[in-house]
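Engineer: The structure that follows is given in the form of structure tokens.
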Amino acid sequence: MKSYIMDEPLGEISPYDRILKPGVIEPRRYQIDIAKSIFGGKNTLVVLPTGLGKTVIALFAIARSLYDGRKALILAPTKPLSEQHFDSIAKFLNVSTDKILLLTGAIKGSNRSELEDAARVLVATPQTVANDLSKGRLSLKGFGIVVFDECHKAVGRYAYTYVANECKANGVQVLGMTASPGSDTKKINTLIETLGIENIEIRSSSDNDVQPYVMGKSIETIYVYKDDSINAIAAMLKPVIDLHLGKLYSTGLSPFRKFENMSKKQLLLIGANIDKLEARNYKFNALFNYVYLLHLMHAYDLITTEGIYSFVSYFEALQEKEKKSRSVENILKNQAVTNSLKLARDAIGKGIEHPKLEKTIELLNSRLRDKSVIIFVQYRSTIRGIAKVLGSKGIDARTFMGKKDGVTQSQQSETIKDFRDGKFKVLVASSIGEEGLDIPAVDAVIFYEPIPSEIRNIQRKGRAGRLKFGEVIILVTRDTKDEAYLMISRIREKRMVELVKTINEKLNKGIYSYAGKSARGQTKLKQGR
């Protein structure tokens, strides 16, 4: 087998290696090859699995820009991720720290212009840069490259879109980096158009030049079955859901007769049909049934795939709302709902929970004992419930959620630091933990439920198997939406790689084109993102 370990690799990117501090980077063959491709000057999209060193590639691109006497900008969607990039640049590049600016909204606008002018490398969140560009405080003239980390977010009116159009207007090279651009053809085309991509560098963990650096991971799907308590609660809700869906179906507002396999997208389609109605009484009755459907289908999914604690918490949150719609008031008084809640509370009192939680405890007490584990969970009530039960079982677990859950950025940073330092072993995380976390050595990742998003699926898996062999465990409840989501995620992940490679072949042959290729700075900035 061909060896991809390099003896004097940095010489291959000479003279740009002069911007790198000596002896601090040991690049890999694929990183050098991708960097040399970027040096060709084309706007490049780099698709590389999580944990395989996209940051090093970005550093090489920035070094080239600085060597050529031009400035560089690197954008990341969150402040913690921006801080990580700032630290990497200060550590690896031969640039005075007073010439590296971590640009955040905390710096007053009146002061930012002077700081931006003085810096050679800017690190920032996209909204801050977009605001400064739109207000004339910042210009991209004199910049050689703009790096868009987690660039799959460059869709719609997200601030990345505005900055990308400014790059086009000023002739600045773009480098987009992601572990997954998605599997939807339209979405990938939009991403390529937004960033003006002319070249794609994609690697998978099975490619020859990447394989020597992949620590490997096992991926296991564990199936559980609903117990008698969960089946009984679900059986109480089903006739009520069928009744209200049936009313929408009989009036032609729902193309679906059964709810069990209905996706969220299909459910929202029913709402879109109702929005088009003009007859007020007819629309009011339709909305009444639709709200019933929204809440009870969600409650049904919670009880069957998440847990009894989450189910009860959801209805308690509805009860605590000061203002309730007529539909919600009616739901809370519904006999089937009140009976199901009584049964759920009785089950909690007896220590009964979802079989997934029982399996999680079993895993943590057996083969994952004393290992660092991230449990990814979809809903915040489930996160709290899992952490509470794990704590009662003597397992030191902490939650990791976002600002919407009342968690400050300093609290997030402290939690991650304690986890990285081994002060506790189990992190129960929401989607905020899927990308941009500096956690180098996680032994295992548990998906508490499958997710249909291939982007989030790849990000979650990438938390394990970075510096050593890791485990990925996916929990699936039989005869629920879990099974459909598992199948969807597998199909989309495979399709993503095939689609990106096909588009890249067309780019290389010069036969790929998209609408608006010559657009210049036409996207309006959406504020407050």
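Engineer: Among the residues in the stretch 360-369, are any surrounded by fewer than 18 Cβ atoms within 10 Å (Cβ to Cβ) and outside the structural domain of V442 (by TED's automatic domain parsing)?
Structural biologist: no
Engineer: Criterion first (over 23 Å from the mean Cα position of the chain (by Cα) and modelled with pLDDT of 95 or more) does S340 satisfy it?
Structural biologist: Considered against the rule, which asks whether it is over 23 Å from the mean Cα position of the chain (by Cα) and modelled with pLDDT of 95 or more, S340 comes out as yes.
Engineer: Please find, among T415, T399, the residue that is modelled with pLDDT of 80 or more, within 20 Å of G307 (Cβ to Cβ), in contact with a strand residue (DSSP E or B) (Cβ under 9 Å, 6 or more places away or on another chain) and hydroxyl-bearing (S, T, Y).
Structural biologist: T399
Engineer: Among what's in the stretch 85-122 and is touching a residue at least 60 places away in the same chain (Cβ under 8 Å) and in a helix (DSSP H, G or I), pick the residue that is farthest from V24 (Cα to Cα).
Structural biologist: H85
Engineer: Answer with yes or no whether A72 is small (G, A, S), modelled with pLDDT of 90 or more and not in a helix (DSSP H, G or I).
Structural biologist: Yes.
Engineer: Only residues that are crowded, with 24+ Cβ neighbours inside 10 Å and in contact with a strand residue (DSSP E or B) (Cβ under 9 Å, 6 or more places away or on another chain): list them for the stretch 296-305, please.
Structural biologist: Matches in the stretch 296-305: T305 only.
Engineer: Hey, any hits in the stretch 123-136 for a residue that's part of a strand (DSSP E or B) and in contact with a Lys or Arg (Cβ under 6 Å, 6 or more places away or on another chain)?
Structural biologist: Checking the stretch 123-136: not a single residue is part of a strand (DSSP E or B) and in contact with a Lys or Arg (Cβ under 6 Å, 6 or more places away or on another chain).
Engineer: Pick out, from the stretch 271-370, the helices (runs of 4 or more DSSP H) lying fully within it that include 2 or more residues that are acidic (D, E).
Structural biologist: Per the criteria, 308-320, 355-365.
Engineer: Determine which single condition L45 fails, assuming it passes every other condition in (1) assigned to a helix (DSSP H, G or I); (2) under 27 Å from R460 (Cβ atoms).
Structural biologist: L45 satisfies all of (1) assigned to a helix (DSSP H, G or I); (2) under 27 Å from R460 (Cβ atoms) except (1).
Engineer: From the list G105, G53, G69, G109, pick out the single residue that is surrounded by fewer than 22 Cβ atoms within 10 Å (Cβ to Cβ) and touching a Ser or Thr at 6+ places or on another chain (Cβ under 6 Å).
Structural biologist: The conditions single out G105.
Engineer: Tell me the residue from L302, L332, L294 that is in the same structural domain as L245 (by TED's automatic domain parsing) and over 25 Å from the mean Cα position of the chain (by Cα), please.
Structural biologist: Being in the same structural domain as L245 (by TED's automatic domain parsing) and over 25 Å from the mean Cα position of the chain (by Cα) holds for just one of L302, L332, L294, which is L332.
Engineer: Shifting gears a bit: Across the stretch 244-269, what is the number of residues that are in a helix (DSSP H, G or I) and polar (S, T, N, Q)?
Structural biologist: Total meeting the criteria: 2.
Engineer: Please state which one of I197, I192, I188 is part of a loop (DSSP other than H, G, I, E, B), surrounded by 15 or more Cβ atoms within 10 Å (Cβ to Cβ) and under 23 Å from the mean Cα position of the chain (by Cα).
Structural biologist: One residue alone meets the criteria, I197.
Engineer: Filtering the stretch 453-475 down to residues that are more than 19 Å from the chain's Cα centre (by Cα) and surrounded by fewer than 19 Cβ atoms within 10 Å (Cβ to Cβ), which residue is nearest to K226 (Cα to Cα)?
Structural biologist: By that ranking, first place goes to F469.
The values are calculated or read from the model by the stated rules, or taken from the named source; none is laboratory data. Note that the structure is a prediction, hence the values are computed from the model and not measured. We place every Cβ from the backbone using ideal geometry, glycine too, and count neighbours over all the protein chains shown.
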